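The values are calculated or read from the model by the stated rules, or taken from the named source; none is laboratory data. For clarity, every value in this text was computed on a predicted model and none was experimentally measured. Note: ideal-geometry Cβ built from the backbone for every residue, glycine included; neighbour counts use all protein chains shown.
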Amino acid sequence: MAAGEEIWCQGWSEPDAGSDLAGIRSRAVRNDAGDGWLLTGQKTWASRGAFAEWCFGIFRTDPKRNATAPDLLLIAMDSPGVTVRPIPQIDGETGFAEIFFDGVEVPDSQVLGEEGSGWSVAMSTAAASAA
Ligand SMILES: Cc1cc2nc3c(=O)[nH]c(=O)nc-3n(C[C@H](O)[C@H](O)[C@H](O)COP(=O)(O)OP(=O)(O)OC[C@H]3O[C@@H](n4cnc5c(N)ncnc54)[C@H](O)[C@@H]3O)c2cc1C
């Protein structure tokens with residue numbers, strides 16, 4: 001990622017969860033085999049989302065858990081069930097995108113950090129990118 005050999009985008013914001021990021025609704029539920037997750041939901045404003053190969057996104061994995069305890073998953077953008085809709089810009093360039101997840105399968109090996117730690121991982125990422 002740092003070398004720019006792979007393009008990644010950040011899947012945090014949703015249509016009704018921007019400043020209020022803890023209001024995300026995108027969900028991850030266990031798959032039938034019990035070795036991964038199935039993602040559903042929508043992200044928006046993902047910078048580089050129109051051409052990224054990977055996305056790191058936050059998803060609610062346990063509806064009973066506090067909204068600020070999602071998980072952070074690493075998603076290959078060519079996974080079945082991922083739909084990318086580029087957002088046109090006034091200058092004609094296309095970089096931002098909406099990303100739709102419809103039963104996207106993600107293995108346990110692509111969950112970053114401890115269970116329920118997605119919020120602190122995301123906030124550390126935001127702090128590092130703002131520095
Ligand atoms: C250049 C750019 C790149 C971006 N890249 C990404 C990305 O890569 N990945 C990603 O996930 N998102 C990205 N975003 C989205 C960005 O994180 C959201 O736009 C941001 O979180 C604001 O959310 P919103 O647009 O829904 O605005 P809203 O949350 O609806 O806010 C609208 C206005 O209301 C104000 N407001 C909101 N809540 C309150 C409150 N409680 N009290 C007072 N005022 C309030 C805000 O300050 C703002 O002026 C990007 C945005 C921009 C502009």
### Task
Return the only residue of Glu93, Glu115, Glu98 being in a loop (DSSP other than H, G, I, E, B) and either modelled with pLDDT of 85 or more or within 14 Å of the chain's Cα centre (by Cα) (or both).
Glu93
### Message
Looking at Asp62, Asp20, Asp35, Asp78 in this structure, which one is surrounded by 14 or more Cβ atoms within 10 Å (Cβ to Cβ) and among the charged types (D, E, K, R)?
### Response
Asp62
### Residue pairs meeting the criteria (Cβ under 7 Å; at least 6 apart or on separate chains; first surrounded by fewer than 12 Cβ atoms within 10 Å (Cβ to Cβ), in the range 117-130; second modelled with pLDDT under 90 and assigned to a helix (DSSP H, G or I))
none
#### Entry: Trp45, sole failed condition from (1) out of contact with any Cys (no Cβ under 7 Å at 6 or more places or on another chain); (2) at negative phi
(2)
## Note on the structure
Counting only strands (runs of 3 or more DSSP E) wholly inside the range 1-89, the ones holding at least 2 residues that are more than 10 Å from the ligand (Cβ to nearest atom), over 22 Å from Ala126 (Cα atoms) and touching a residue at least 60 places away in the same chain (Cβ under 8 Å) are 36-46
